[in-house]
There are 2 protein chains.
Amino acid sequence: MKAHVYVTLKRTVLDAQGKTVADALQRMNYKGVTDVRQGKYFCIELEDNKDVAAIRCEVERIASEVLVNPVIEEYTFRLES
Amino acid sequence: MKAHVYVTLKRTVLDAQGKTVADALQRMNYKGVTDVRQGKYFCIELEDNKDVAAIRCEVERIASEVLVNPVIEEYTFRLES
């Protein structure tokens, strides 16, 4: 089973990398682009386990303890079997 | 409309960051974790456009011209209206 975890800066935190990408795209004439936010992506492979609730719980612990700085970042994840 | 772009190293390229995270999780007793791959995530906000095919085409051009190094990286994306 795979867990896909997406970590982004909170909306209230300035995302300088994303802003730089957005400005570059504007200069390159991609006029449809209004904003870019950049973040991190983790694909975690987990041993198969029938108990999806336990897996969700473990992924949440991994994200909040290791992958995310809760002061400035937030995360979402989805499971893929 | 939003485009979510996920950029990862190709399977054949060593992902040192992902390996480090996986090793750290093993040491922290997350025994269920067998592998971790790390990548980049971009959330691109686009002006609304009825023509989804044109948007897909633009996102593919943005990804391949700006966001991705095609020698070592690959990408997937999804649109959210």
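All of the numbers you see were taken from the coordinates with simple rules; none came from a lab. As the structure is a computational prediction, the values presented were derived from the model and not from experiment. Counting neighbours? That spans all protein chains shown, and the Cβs are built from the backbone with ideal geometry, glycine included.
With a bin width of 5 angstrom, please list the P(r) values of chain A as percents of all Cα-Cα pairs, from the 0 bin to the one holding the largest distance.
Percent of Cα pairs in each bin: 3, 14, 21, 16, 14, 12, 10, 6, 3, 1.
Tell me which residues come under 5 Å, amide H to amide H, from A:D15 once H is placed; ignore anything under 5 positions away on its chain.
none
Taking the Cβ of each residue in A:I55, A:I72 as the centre, tally the other Cβ atoms inside 10 Å and list the residues starting with the fewest.
The order, fewest Cβ neighbours first, is A:I72, A:I55.
Output the relative contact order of chain B, whole-number percent, from Cα pairs under 8 angstrom with separation of 6+ residues. Intermediate values should be presented prior to the final figure.
On the way: 100 pairs, mean separation 44.0, N = 81.
Relative contact order here is 54 percent.
What number of lysine-lysine pairs in chain A show an alpha-carbon separation below 30 angstrom, given a sequence spacing of 8 or more or placement on distinct chains?
10
Helix-only estimate, please: 222 nm mean residue ellipticity of the protein assembly as shown, summing -39500 (n - 2.57) across DSSP H runs of length 4 or more and dividing by its residues, to the nearest 500.
-8500 deg cm²/dmol
R0 = 22 Å: FRET efficiency of A:V13 with A:E60, Cβ-based, nearest 0.05?
0.55
Would you mind checking the radius of gyration and Dmax of the protein assembly as shown based on alpha-carbon positions, in Å?
Expressed in Å, the Cα Rg and Dmax of the protein assembly as shown come to 16.7, 50.
State, to one decimal in nm and shortest first, how far the label point of B:L14 sits from each corresponding label point in the other identical copies (label point: 7 angstrom along Cα-to-Cβ).
From this label point to the equivalent ones elsewhere in the assembly: 3.8 nm.
Please average, across the residues of A:38-51, the number of beta carbons from any other chain that are within 10 Å of each residue's own beta carbon, and give a whole number. List each step's numbers first, then the result.
Numbers: counts 7, 6, 5, 11, 10, 9, 12, 7, 5, 4, 2, 1, 0, 0.
Across A:38-51, the average partner-chain Cβ count within 10 Å equals 6.
For B:E60, which inter-copy label distances result when the label point lies 7 Å beyond Cα on the Cα-to-Cβ vector, reported in nm to one decimal and in ascending order?
The projected label point of B:E60 is separated from its counterparts by 3.9 nm.
Calculate the dipole size of the protein assembly as shown relative to its Cα centre from +1 charges on Lys and Arg beta carbons and -1 charges on Asp and Glu beta carbons; express the result in debye to the nearest 20.
So the dipole magnitude of the protein assembly as shown works out to roughly 120 debye.
Hey, with R₀ at 22 Å, roughly what FRET efficiency would A:E47 and B:T76 work out to, going by the Cβ-Cβ distance, to 0.05? Provide the component values of the computation, followed by the final result.
Numbers: r = 24 Å, r/R0 = 1.10.
That gives a FRET efficiency of 0.35.
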